[in-house]
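These notes concern the structure reproduced below.
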Amino acid sequence: MNDVFLFFSAFLASAVEMVEALTIVLAVGVTRGWRSTLFGVGAATVALAAIVAALGPALQLLPIDVLRLVVGALLLCFGLQWLRKAILRASGYKALHDEDEVFQEEQAEAANAPRDRRIGLDWYSFTIAFKGVLLEGLEVAFIVITFGSTQGRLGLAAVAAGAALVVVVIVGVLVHAPLARVPENTIKFTVGLLLTTFGIFWGAEGAGVSWPGDEVALPCLLGFLALLALLFVRVLRRQRLELQTA
Amino acid sequence: MRYLRSFALFWWDFIVGDDWRVAAGIAVALGLTALLTHYGLGAWWLLPLAVAVLLARSLQRATRTK
C-alpha cells in the first residue's frame, strides 16, 4: 500500500510542477527559438539528476528513525504550505493559478528582453529555461529524495517522477500550448494532503510512535486530513460570502 | 555576503514558506511527541491534532486581513 501511495504522490507532485515548468519553456521557446531554450532545459535536468543522485544515497546512510523524523518534519512543512494555498484558492481567498495568463506574461517578457549572446547561446532563453526547470524541478527532486530515501524506494519515486515527465512532455508536444486545462488546484490539493499524511506518519514514527494498525493508519490519516481540509474550504467560502454581502 | 543571504532566503522560503509559525509549531509538536513516547505514553494522536490546529490558525491569519 505504501508503494502505491508513494508512486501516486511522487507522480502527481512531479506532474503539477512540470506543467508549470512547461509553460515557461514553451513561452520562451516559441518566442525566441528552441535551441538555447532546450540547452537550458537540458542543463537544469542534469543539475537536478545530480542533486537526486548525490543526496538520495547520502540520506539513506542516516539511521532510519532520524531520517523519518527529519523527512517527516520537512514533508509537514512542505505539505502544509501546499494545502494552505490550495484551501485559500478553493475558497476564493487566493487567485487560481492560470497557465494561460502566465504564458502570456512570460511571452511578453521574452519578446521585450534584449538579445545577449554568450557561449553561442541566446543567454535570456538559456537562463530563463534553466531557472524555470531547476526551481520547479527542485520541489520534484525534494519529494523524490524524501519519499524514496525514507521508504528505501528511491528508484520507484524516481520512476514516478520520470513517468510524470514523459506524460507532460508528450501532452505538451501534442498540444503545443500551456496545459491550462489541467486541474492544477485539485492536484495541488491532493498532493498537499498526501505530503501532510506522509509527514505525520513518518514524523511520528521517527519520534518513537507506533501507529495503531501500522500502515492502515495511512489511509485513515488521509481521510481525516481530507475531511478537515474540505471543512476549512466550506467555512472560509461562507465567511467570504458573508463579508461580501455585509 | 549578498549571495549567502539570497541562498539562505531561498531555502527559508522553500521550506518554511509564508507562515513561520506553522514550521515552529511542527517542531514543537514533534518534540512533544518524542517526549511523551520516551515516557511510555501513547502519543500517535498528538501530531494529527497539532496539524489541524496549526492549519486552522494559519488560515485564520491569512484570511483575517482580506
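If only residues of the range B:16-28 that are in contact (Cβ under 8 Å) with a residue 24 or more places away in the chain and of a type outside the set (K, R) are counted, the one that is surrounded by the most Cβ atoms within 10 Å (Cβ to Cβ) is B:I26.
Results for (1) part of a helix (DSSP H, G or I); (2) within 9 Å of chain A (Cβ to nearest Cβ); (3) farther than 21 Å from A:A226 by Cβ; (4) in contact (Cβ under 8 Å) with a residue 40 or more places away in the chain, shown as yes or no for each residue.
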site	(1), (2), (3), (4)
B:W11	yes, no, yes, no
B:F14	yes, yes, yes, no
B:L35	yes, yes, yes, no
B:G42	no, yes, yes, no
B:L49	yes, no, no, no
B:R57	yes, no, no, no
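Considering the conditions (1) without any contact (Cβ under 8 Å) to a residue 12 or more places away in the chain; (2) surrounded by 11 or more Cβ atoms within 10 Å (Cβ to Cβ), B:R5 is excluded by exactly one of them, (2).
For every residue, the table says whether it meets (1) buried (at least 17 other Cβ atoms within 10 Å of the Cβ); (2) over 30 Å from B:R61 (Cβ atoms).
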residue: A:A90; (1), (2): yes, no
residue: A:V102; (1), (2): no, no
residue: A:P114; (1), (2): no, yes
residue: A:R118; (1), (2): no, yes
residue: A:I128; (1), (2): yes, yes
residue: A:K131; (1), (2): no, yes
residue: A:F147; (1), (2): yes, no
residue: A:T150; (1), (2): yes, yes
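Restricting A:D65, A:D3 to those that are within 14 Å of another protein chain (Cβ to nearest Cβ) and not hydroxyl-bearing (S, T, Y) reduces the list to A:D65. Scanning the range A:187-246 for residues that are of a type in the set (F, W, Y) and under 30 Å from B:T37 (Cβ atoms) returns A:F198, A:F201, A:W202, A:W211, A:F224, A:F232. Among the residues of the range A:181-198, are any in contact with a helix residue (DSSP H, G or I) (Cβ under 7 Å, 6 or more places away or on another chain) and either at positive phi or within 9 Å of chain B (Cβ to nearest Cβ) (or both)? For the range A:181-198, residues in contact with a helix residue (DSSP H, G or I) (Cβ under 7 Å, 6 or more places away or on another chain) and either at positive phi or within 9 Å of chain B (Cβ to nearest Cβ) (or both): present.
Read-outs throughout are calculated quantities, based only on the coordinates presented, and are distinct from any laboratory measurement. Not measured: the values here are computed from a predicted model. With ideal geometry, Cβ positions are generated from the backbone for all residues, glycine too; neighbour counts draw on all protein chains shown.
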